[in-house]
1. State whether the residues of the stretch 172-189 include one that is touching a Lys or Arg at 6+ places or on another chain (Cβ under 8 Å), modelled with pLDDT of 95 or more and among the polar types (S, T, N, Q).
2. With the requirement that a residue be more than 13 Å from the ligand (Cβ to nearest atom) and not in a helix (DSSP H, G or I), what does the stretch 335-347 give you?
3. Residues that are of a type in the set (S, T, N, Q) and either surrounded by fewer than 21 Cβ atoms within 10 Å (Cβ to Cβ) or within 16 Å of the ligand (Cβ to nearest atom) (or both), at least 1 per element: which helices (runs of 4 or more DSSP H) completely within the stretch 176-255 meet that?
4. Only one of (1) under 19 Å from the mean Cα position of the chain (by Cα); (2) assigned to a loop (DSSP other than H, G, I, E, B); (3) over 27 Å from residue 192 (Cβ atoms) fails for residue 49. Which number is that?
5. With (1) small (Gly, Ala, Ser); (2) within 16 Å of the ligand (Cβ to nearest atom); (3) at pLDDT below 95 as the list, and residue 2 as the residue in question, which single condition is left unmet?
6. May I ask you to list the residues in the stretch 279-331 that are surrounded by 20 or more Cβ atoms within 10 Å (Cβ to Cβ), closer than 18 Å to residue 437 by Cα and among the aliphatic types (A, V, I, L, M)?
7. Within the stretch 359-416, considering only strands (runs of 3 or more DSSP E) that don't extend past its boundaries, which have at least 2 residues that are under 23 Å from residue 309 (Cβ atoms) and touching an Asp or Glu at 6+ places or on another chain (Cβ under 7 Å)?
8. Residue pairs, Cβ under 6 Å, 6 or more apart or interchain, first in the stretch 75-95 and closer than 17 Å to residue 63 by Cα, second surrounded by 18 or more Cβ atoms within 10 Å (Cβ to Cβ) and among the small types (Gly, Ala, Ser). List them.
Amino acid sequence: MAKDKLRVLLVSPEVVPFAKTGGLADVAGALSKVLSRMGCEVKTILPKYRMVDEKKFNLEKIDRPLPEITIGEKEVKFKIRKCYLSDSDTEYLFLENKEYFDRDELYADKKTGQDYEDNDERFILFGRGVLETMKALNWKPDLIHCNDWQSALVPAYLKTILEEEPFYKNIATLLTIHNIAYQGNFPKTTFDKLGVKKELFYPLSPFEYWGGVNFLKIGISYADLINTVSERYAQEIQSGPEFGYGMEGILKDRARDIYGVLNGADYEEWSPEKDKLIPYNYGEGNLQVKSKNKEFLLRQAVLGADGNNPLIGMISRLADQKGFDLLYEIADKLLSLKVKLIILGTGEQKYHIFLSELEKKYPGKVKIYLKYDNKLAHLIEAGADIFLMPSRYEPCGLNQMYSLKYGTVPVVRETGGLADTIQDYDPQTQKGTGFLFQDYKGEELFSAIERAIQLFKNRTAWKNLMLQGMEKDFSWEASAKKYIQLYGKAVAKKRL
Ligand code: ADP
């Protein structure tokens with residue numbers, strides 16, 4: 001008899017192509033497809049935000065009776081919709097509640113930039129609603145794969161209020177932490193909304209965090225297994241407060257259950273040979289065509305042709321995590337060299353100001369795009385010679401992997417997924433794929449960029465370095481295999 005398919009429910013607050021604010025959405029989107037292609041029976045669930053285009057994706061109503069969810073004093077109704085995409089068997093489910101999810105942005109008020117005050121209620125509804133949906137559909141997963149704090153209550157509900165219900169018995173859980181700095185921290189009053197027994201709140205209990213409630217801590221405490229998105233980051237977050245952001249203690253308690261699985265890159269979208277968003281396709285066989293993209297990009301940025309000097313690119317959220325304070329420190333020194341710099345990003349106001357001023361100060365050398373623009377991101381990957389990612393910490397990072405494929409040499413800090421994906425260039429052996437620096441210091445970043453610029457002058461060596469990067473393969477298949485192994489471990493642990 002054929003073995004039954006492993007049933008996986010992927011729970012994520014964002015999923016490409018429906019709703020995205022960061023790399024998590026790419027991961028959830030890619031994993032949803034690849035897992036079902038690799039033989040799992042997959043359902044993926046996310047909130048029905050306004051951003052989810054009902055018409056485009058042809059969202060259907062599911063008519064099943066669903067219970068109301070008690071959130072503190074409120075009884076909250078929700079509905080479920082579903083759709084399929086053409087390229088896999090995965091069923092996408094959307095948890096709908098207009099009051100909570102039909103808003104301009106996913107997590108924060110557009111005008112003030114502040115998190116929505118009821119984010120606790122929104123993701124209590126999501127966590128409880130996901131589990132009720134499974135029961136209403138009479139579809140029992142073997143494993144629920146939760147992602148980040150917004151879905152971290154699911155493992156806790158399974159082991160508290162739903163523990164005695166036969167339907168939920170033996171469902172294993174995996175919690176993936178995509179970025180430990182985002183935790184879902186709320187005041188004590190949130191505890192009363194969770195619906196779990198009062199006795200569960202006491203100092204140092206899973207539900208208590210410095211007198212309040214922390215959704216990520218709850219998830220870390222209750223998930224059967226935990227993983228982060230690179231091996232190095234899995235180690236770093238347990239090492240102390242610099243990387244652990246207050247979770248290092250609870251992570252140490254779970255050390256035996258923590259794994260690292262590197263994200264994959266979606267090469268359907270990100271390959272210079274077939275990228276529809278760049279003007280000139282190229283590959284390992286016709287690398288010289290890359291320079292046409294550089295010309296195009298420089299022209300578009302009104303920076304003037306400059307084939308002989310390196311063009312440095314950055315595509316990033318403008319956040320403290322991403323190392324813009326280091327760039328600030330070295331900007332003048334860097335721009336005294338024969339380089340051009342193009343940055344695409346949005347985020348914190350202080351960096352918008354810094355970068356706008358930098359552009360004004362160095363006309364013809366610096367171009368700053370303060371927006372989110374996927375097409376331009378592709379063009380920068382194709383057109384730049386060097387890609388900068390000097391992150392303070394980096395759980396996995398996607399852009400450095402894209403850069404490798406586009407022959408755009410990464411200069412990165414040796415942390416998290418950057419350390420796991422880029423090998424420092426060794427001039428002796430001529431092996432490596434980029435340039436790494438260790439300490440989070442401007443001078444270290446500068447000297448890594450200098451090494452890159454130096455090598456750029458040697459066209460043969462540089463081409464060799466580009467090719468070594470382009471040969472690297474971080475496809476999703478390898479990551480999905482590792483996830484399936486982890487699911488197997490979690491299921492076995494549960495049934496022990
Ligand atoms: P993070 O998830 O921390 O933001 P990642 O490198 O893992 O960083 O993923 C970021 C993703 O978002 C990449 O696909 C990157 O190309 C994209 N991205 C970030 N900022 C922009 C922007 N301003 N315009 C277009 N794409 C962006």
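The values are calculated or read from the model by the stated rules, or taken from the named source; none is laboratory data. Being a predicted model, the structure only gives us computed values, none of them experimental. Using ideal geometry, Cβ is built from the backbone for each residue, glycine included, and neighbour counts are taken over all protein chains shown.
1. Yes - at least one qualifying residue is present in the stretch 172-189.
2. 336, 337, 338, 339, 340, 341, listed by residue number.
3. 189-194, 215-222, 231-239
4. Among (1) under 19 Å from the mean Cα position of the chain (by Cα); (2) assigned to a loop (DSSP other than H, G, I, E, B); (3) over 27 Å from residue 192 (Cβ atoms), the lone unmet condition for residue 49 is (3).
5. Every condition holds for residue 2 apart from (2).
6. 312, 314, 326, 327, 331, listed by residue number.
7. In the stretch 359-416, the matching strands (runs of 3 or more DSSP E) lie at 366-369.
8. 78/129; 95/129
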